[in-house]
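The values are calculated or read from the model by the stated rules, or taken from the named source; none is laboratory data. As the structure is a prediction and not an experimental result, all values here were calculated from the model. Here the Cβ positions follow ideal geometry from the backbone for every residue, glycine too, while neighbour counts run over all protein chains shown. What goes into the accessible areas is simple: the full protein's heavy atoms, side chains included, and nothing from ligands, DNA or RNA. Shrake-Rupley method; radii C 1.70, N 1.55, O 1.52, S 1.80 Å.
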Amino acid sequence: MRIRATVAAVSGALALSALAVPAAQADDSAASRADVAKVRQAAHAASARAAGKPYALNVSFSDFKIAKTVKAGTTNHVATTVTYTLTHGADVNIAARDFVTDPIIYRGSYTAPDNMLYGNKPAKCTATNATTATCKGTIDVYPGDHELRNTDAGTWRAAAEATAFNGQDPAGETFDITKVGYKGQSGLGSTLMQRFSKLTVDASPEPVKKGKPITVTGKLSRANWDRGTYNGYVEQPVNLQFRKNGSNTYTTVKTVKTNATGNLKTTVTAAQDGYFRFTFAGTTTTPAATATGDFVDVR
């Protein structure tokens, strides 16, 4: 899992990912996930050997912007862009090859998170003046790697961090953590992490005689991060909508609730040619979904 672990030697604040910077920044093509993991492991071992803790780096973060929602399915990689402002003292060289900063989102508390996610690469910063820079990074999510649990759906809070290694090699035998500068700042914003949803519809029979019943069925399902599958979303209100042939506007016919397996079933009277669809408004944990309209020929 890429859930960020904290290092006790840094008073529960310095994240292991920050220690991966030299490897990630030495090559503009970015280290592979496996390479970064190896560096983090080496850094952890170095931190365990080292005494003391990093000094407080003279930086702060503001104007943190992230998407209002992040929708994750069961397998596909999801990336969302984050921007923020980094303000730093004149003694901090953000252009150094071993300076790194990155955005984070977390569940629970920042110092003892239930879960934490970040980007594959450090953020890139562009100086706007001698002590201020605009930074852009990503939050990368890999649901297929079991980074998320169903209980993670909902509000995640945002943070950012910066580390100045000042020539210290975290994988080296002489690594001195007291010469490393670090600053982490939580509570910068929030986003909703949602379980991706799917909605289907089928109207039959086709064709149908005018005045006869049409049965409309479908299913509302959402990502199950615990199992890596899609399962029915139960007891949820879903609108059945109709668009007559030749029109661009759907109107709501009735509201139907999903059953214990997420399935939908209702009947309407055939009146004219047109398209039926189901639409779901969404919840805090699950995004909205709309099925593709199914055409019925009324004769």
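Quick look at the numbers
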quantity: Selection status of residue 80, under 26 Å from residue 225 (Cβ atoms), surrounded by 13 or more Cβ atoms within 10 Å (Cβ to Cβ) and out of contact with any Lys or Arg (no Cβ under 6 Å at 6 or more places or on another chain); calculated: yes
quantity: Sole residue being modelled with pLDDT of 50 or more and under 21 Å from residue 158 (Cβ atoms), chosen from 3, 105; calculated: 105
quantity: Hits in region 210-231 - residues which are in contact with a Lys or Arg (Cβ under 8 Å, 6 or more places away or on another chain), farther than 17 Å from residue 256 by Cα and hydroxyl-bearing (Ser, Thr, Tyr); calculated: 230
quantity: Tally, over region 252-299, of residues that are open to solvent by less than 70 Å² (accessible area, probe 1.4 Å) and assigned to a loop (DSSP other than H, G, I, E, B); calculated: 15
quantity: Top-ranked residue of region 165-209 - restricted to ones that are in a strand (DSSP E or B) and β-branched (Val, Ile, Thr), ranked as surrounded by the most Cβ atoms within 10 Å (Cβ to Cβ); calculated: 201
quantity: From the options 243, 227, residue that is charged (D, E, K, R) and open to solvent by 50 Å² or more (accessible area, probe 1.4 Å); calculated: 227
quantity: Residue 159, sole failed condition from (1) at pLDDT below 95; (2) outside any loop (DSSP other than H, G, I, E, B); (3) of a type in the set (Gly, Ala, Ser); calculated: (1)
quantity: Options 24, 34: the member that is open to solvent by less than 30 Å² (accessible area, probe 1.4 Å) and modelled with pLDDT under 95; calculated: 24
quantity: Those residues of region 93-108 which are in contact (Cβ under 8 Å) with a residue 40 or more places away in the chain and either hydroxyl-bearing (Ser, Thr, Tyr) or part of a strand (DSSP E or B) (or both), in sequence order; calculated: 99, 100, 101, 102, 103, 104, 105, 106, 107
quantity: Region 110-127, subset touching a residue at least 12 places away in the same chain (Cβ under 8 Å) and among the polar types (S, T, N, Q), residue least open to solvent (accessible area, probe 1.4 Å); calculated: 115
quantity: Checklist (1) hydroxyl-bearing (Ser, Thr, Tyr); (2) more than 30 Å from residue 299 (Cβ to Cβ); (3) touching an Asp or Glu at 6+ places or on another chain (Cβ under 8 Å) applied to residue 217, failing item; calculated: (2)
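Okay, residues lined up against (1) β-branched (Val, Ile, Thr); (2) within 30 Å of residue 118 (Cβ to Cβ):
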residue: 177; (1), (2): yes, yes
residue: 182; (1), (2): no, yes
residue: 251; (1), (2): yes, no
residue: 263; (1), (2): no, no
residue: 270; (1), (2): no, no
